[in-house]
Every structure is written in C-alpha cells, then in structure tokens.
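Quick notes on the structure that follows.
The values are calculated or read from the model by the stated rules, or taken from the named source; none is laboratory data. Predicted model, so just to flag it, every value in this text is computed and none were measured. Neighbour counts are summed over all protein chains in view; Cβ atoms, including those assigned to glycine, are modelled from backbone coordinates with ideal geometry. Accessible surface is based on the protein model in full, side chains and every heavy atom, while ligands, DNA and RNA are left aside. Shrake-Rupley method; radii C 1.70, N 1.55, O 1.52, S 1.80 Å.
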Amino acid sequence: MKKAISIESQTKKHQYDTGFIVGTNDEYQNNNNNNRGDNKNDHETKTPKFVYSPEEKKLLRKINIITIPFICTVAFLQYLDKISLNYSVAMGLYEDTNTTPGDLSWLGAIFYLGYLLFQIPNQYFLQRFSISKYLGTCLIFWGAVLTCTSLAKNFHQLLILRFLQGFFEAAAYPCLQLLITTVYRRSGGEQVTLFGIMLSTNSFATTIGGLIGFGFLSLNGINGLSGWKWCMIILGSVTMVVGVITFLMLPDRAKSRWYRLTTVEMDIVEDRIRDNTVVKSEIIKWNHIFEALREARFYCYMWISFLTHLINGCVTIFSTTIIKSMGFSNMESILLNIPTGITAILLVLLSVYLSRRFNSNSYVGAFMCCITFIGVLLLTVLPEGVYMLIGIFLANIGSVSTLVLSSISNNVSGYTKIVFYNGSYLIAFCLGNFAGPLLIFPHEAPRYITGMSIYMASMLVSAILFLYARWTCVRDNRYRQQMNAENRIFSEQQTTSTVDKNQQVDDLTDKQDLRFLYRP
C-alpha cells in the first residue's frame, strides 16, 4: 500500500512558489486526445511545448556555466587524443617506427578493442563511484599512456599503447552521457542540445586538430624529437592536468554543491529530476537489464551505433591518408581536416535544430543517415582529385550519433537500464570503429570500393532502423494513452511496481512507469 501511495503521489501536479507549473502525463495525454479529436487512426503523440519559469532559466544558466565547460573539454581531449594518430602520419610516424599504412589499420582497430573490453567493468564502476572521481582518474591514466606513446620505437609498442589508451578512454563517453541524462531535462530539448554540443566538440577537435597538427609539424626536429612525438607529449600532459581538475571539481549530481543551489532552486531541481526519470542507485538491478534485452528498440539503437560507426572508424584514422591519396602534400592533408570539422559541426547543429523544430529524433536521424550516404556515394563516383573532398566533408556521422544518444536518453528510464543502454551503445560503437578501418584496403586507393559500398549499405539500413524505432514508440504511446482514457493506468501501475519487492518506486523503468511517454 505504501508503494501504491508513493506512485500515486508522483502523478500529482507539482507547483512551486516560482510560479512554474509542470503538468502530469495525464494532463498531457488529455491534451493530446483533445488535439486529435475523434480520429482514432492518428497514431502520433503530440508533446506540449515546455515553458521555463524565470527562476528555472536562471538556474539553467548557472548549470550551463559550470557544467558545459567540463563536458566540452573532456569530449574535445578525448577525440583529439584519439585522432592524434591520424595527424602523426604526416609528421614522421611511419619513418620513426618502421610502420606502414597497413599497420595503421590495426593501430586504429586495437584502440577500439581496448575500448570494448573496458565496457564490462565500466558498467560496474559507473554505479559504484561518483562520475567526477571515476572520470578524473581515467583522464589521468590515458593522458599518461598518450605521453608514453612518444617513446614507442616500433609497431608492437605502438599496438600495446594504443590498446591501453582505448582502455582508459572508454570511460569518457559513458560518464558524459550519464552526466547529461542526470543533470539536464528531457523536456525543452535540453538533452538533445547537450548531446549536440558534446558531438560538435568532437568536430571542433577535428577542425582545431588540423591547426594543432600544423603547429606540431613545425616542432619537428626540436630537441631531436619528431613532430608526432611532441604531439603525444603535449596532448598527454594537458589531459592529465584536466584529469586532476575533473577529479576535484566536476559537478556530477543534479544537487552538486558546486551549483550553490538556493531553497527555491532545490525545489526546481527536484522537478527536473522527476522529468529526467533518472534516480541515482548503487544497486545493479538485473530486471532492468533483462527488460532492455527484450526490447526491439534496444537492438535498433545498437545496430544503428554499429553500422554508422563503421564509417567513423574509417574517417578518424584514414581521412588524412585518403586526402593524401588525392595528390595533396602532408601539410595540405592536415589542414584540409579543418573544413571537414567545420562541416561536421554544421551538420550536428542542423540535426539539433531540426529535432527541436519538428519534435522528432527518428525522422531527423533517418534524414541525416541519407546525407552521410550521399557523402560516401560522392567519394565513390566523383572524379579523382579535389572534388572528392565534398564526399569527405559530408561522410560524417556526428549528427546521427547525436540523435541516437538523444533517443536513448529520452526514451529509457531506470538507472541500471540507462547505464546498460549506454554501455551497450558503446560496445556497438567500439565494434563498428574496430571493423571500419579494416574495410579500407590500400590497393583500392583512392576509391576504396569495398569499404565504401559497405558504408553506403550501412547508412541505408540505419535510416530504416530509425523509422522502425519511431514506430515502436508511437505504438507504445498509443497503448498508454488508451489505458489512460479508460482509467486503467493506476491499477496496472500498482501491479507492475510490485514485481520486485526491492525495487525503488522512484527508480521505475520506462516500461514499468505506464505514465511515461516516449519521444519518437
């Protein structure tokens, strides 16, 4: 009975002295029904526009000022450190370590093998330790490994160091994803905007990386070190310093002391937590994991992650090599990564705008898959030379990743379940990035027909999976709205919530909480 009362209390309207009112899902659903009239064939779910109170706007500015710099800095360093190998090709890496373009494929792939293997302990650590301490420690370790890469003399040493770098960098994205999901609202487009910012930072790293690579190239020969060694030493040192700052100062909870919340702001934060439906729990709930494994959407998102990151694995390692094969010099090949990054940022911003404008992740995701498909197609059919750069600029999956991550954060509830979703996404991410570079065969340069054909097919399949995932969301919402119209939600909710006697009522999954509406 106590649990039933707690569940019922969650459905009441929350009203604060700030004048900001958040309606219940009941009210939302009734509004949706009214908007649709009597048309029973209308399967869409209309989400009312979210309106911020002046007090929450002020709070959100405070959260952004403190949190976004950490998210951007960590995402920037994680991506720049990862693609440092890409720029090193033009700074004497091959000559100093006696490696070949064929070895580069394995150096790119082994990074993601380490990334993959760490995802299993990562699931445990994310629930047992605070994000700030865990992420800060991993930053320090991977910075140290990157610095040591400058000492590598041969392929085998590079292989071991790249594996370790991937192993420790594996914590970055899951921590940032969980931080965004915990601190930012589902409503108001906050989460999709933050994921867009995070992945735009990756693209910014590609852009600025071209200039940084140009700078490192000018250091070649100073103190007897090649430019690529200076690249590893400096980037690794900066990463370790950021790791210490993150360990000590990252706000990793919605009620973090670093936000210096007032009493009124604490009330607003409580409502934001309810909107997120993410309640911190150190208990691993296996029923959350089994529930995820039975969902079609889970496999849609995982396959999209794997298929789209086949291209990412190629671009992050081989973009400079592909550009060089078009006849550009080492310096030009590095600098031409700058417009690649700028184009990627514009595509991510476009995807965020369209998602917020049309209140849809899935349709926009399918559209962005088609743009990437066109980019790969142009690489295959355009005349050899400068025109192929158009294909390189468009063959970017940052916008698609933004929408997949937003779909997961918007449509998954329950702490263990969302950690499992994010971890599984990263496993698929690793497998795609691992396999992607291996589809590039040097003798096929500069067309790489085998790899490009597989990449094009993967983008078309991903677009279809986006549309199927949307259909499942709309179908489930229609069922829940029907239950609400028949006043059957509360009795069913009471039954679902007693499945596990140890289940915290506030930590319900999206399937258990029948008032939860999906955002297709």
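Some observations on this one:
- Check on THR201, hydroxyl-bearing (Ser, Thr, Tyr), crowded, with 23+ Cβ neighbours inside 10 Å, in contact with a helix residue (DSSP H, G or I) (Cβ under 8 Å, 6 or more places away or on another chain) and part of a helix (DSSP H, G or I): yes
- Members of the range 427-483 found to be under 19 Å from ILE397 (Cα atoms), in contact with a Cys (Cβ under 8 Å, 6 or more places away or on another chain) and assigned to a helix (DSSP H, G or I), listed by number: GLY436, PRO437, GLY451, TYR455, MET459, LEU460, SER462, ALA463, LEU465, PHE466, ALA469
- In the set ASP103, ASP96, only one residue is open to solvent by 40 Å² or more (accessible area, probe 1.4 Å) and within 30 Å of ILE222 (Cβ to Cβ); that residue is ASP96.
- Within the range 32-55, considering residues that are closer than 24 Å to ARG519 by Cα, surrounded by 13 or more Cβ atoms within 10 Å (Cβ to Cβ) and at pLDDT 80 or above, the one nearest to the chain's Cα centre (by Cα): TYR52
- Among the residues of the range 307-327, the ones that are at pLDDT below 90, aliphatic (A, V, I, L, M) and in a helix (DSSP H, G or I) come to 5 in all.
- Residues satisfying the stated conditions in the range 328-371, i.e. outside any helix (DSSP H, G or I), out of contact with any Lys or Arg (no Cβ under 9 Å at 6 or more places or on another chain) and either more than 19 Å from LEU217 (Cβ to Cβ) or among the hydroxyl-bearing types (Ser, Thr, Tyr) (or both): SER329
- Residue list for the range 380-402, filter: surrounded by 24 or more Cβ atoms within 10 Å (Cβ to Cβ) and in a helix (DSSP H, G or I): GLY398, SER399, VAL400, SER401, THR402
- Filtered residue count, the range 403-424, keeping only those that are at pLDDT 90 or above, open to solvent by less than 10 Å² (accessible area, probe 1.4 Å) and in a helix (DSSP H, G or I): 9
- Residue ID - surrounded by the most Cβ atoms within 10 Å (Cβ to Cβ), chosen from residues in the range 425-460 that are of a type in the set (Ser, Thr, Tyr) and over 26 Å from TYR184 (Cβ atoms): TYR455
- Selection within the range 170-189 - open to solvent by less than 10 Å² (accessible area, probe 1.4 Å), of a type outside the set (Phe, Trp, Tyr) and over 14 Å from the mean Cα position of the chain (by Cα): VAL183, ARG185
- Filter pass, LEU151 being of a type in the set (A, V, I, L, M, F, W, C) and not in a helix (DSSP H, G or I): yes
- Test: residue in the range 486-504 that is among the small types (Gly, Ala, Ser), in contact with a Lys or Arg (Cβ under 8 Å, 6 or more places away or on another chain), modelled with pLDDT under 90 and open to solvent by less than 20 Å² (accessible area, probe 1.4 Å): yes
- From the list LYS82, LYS58, the lone residue that is in a helix (DSSP H, G or I), at pLDDT 90 or above and of a type in the set (Lys, Arg) is LYS58.
- Whichever residue in the range 152-169 is of a type in the set (D, E, K, R) and surrounded by 24 or more Cβ atoms within 10 Å (Cβ to Cβ) and, among such residues, is farthest from the chain's Cα centre (by Cα): ARG162
- Boolean, ASN359 is farther than 25 Å from GLU384 by Cα and modelled with pLDDT under 90: yes
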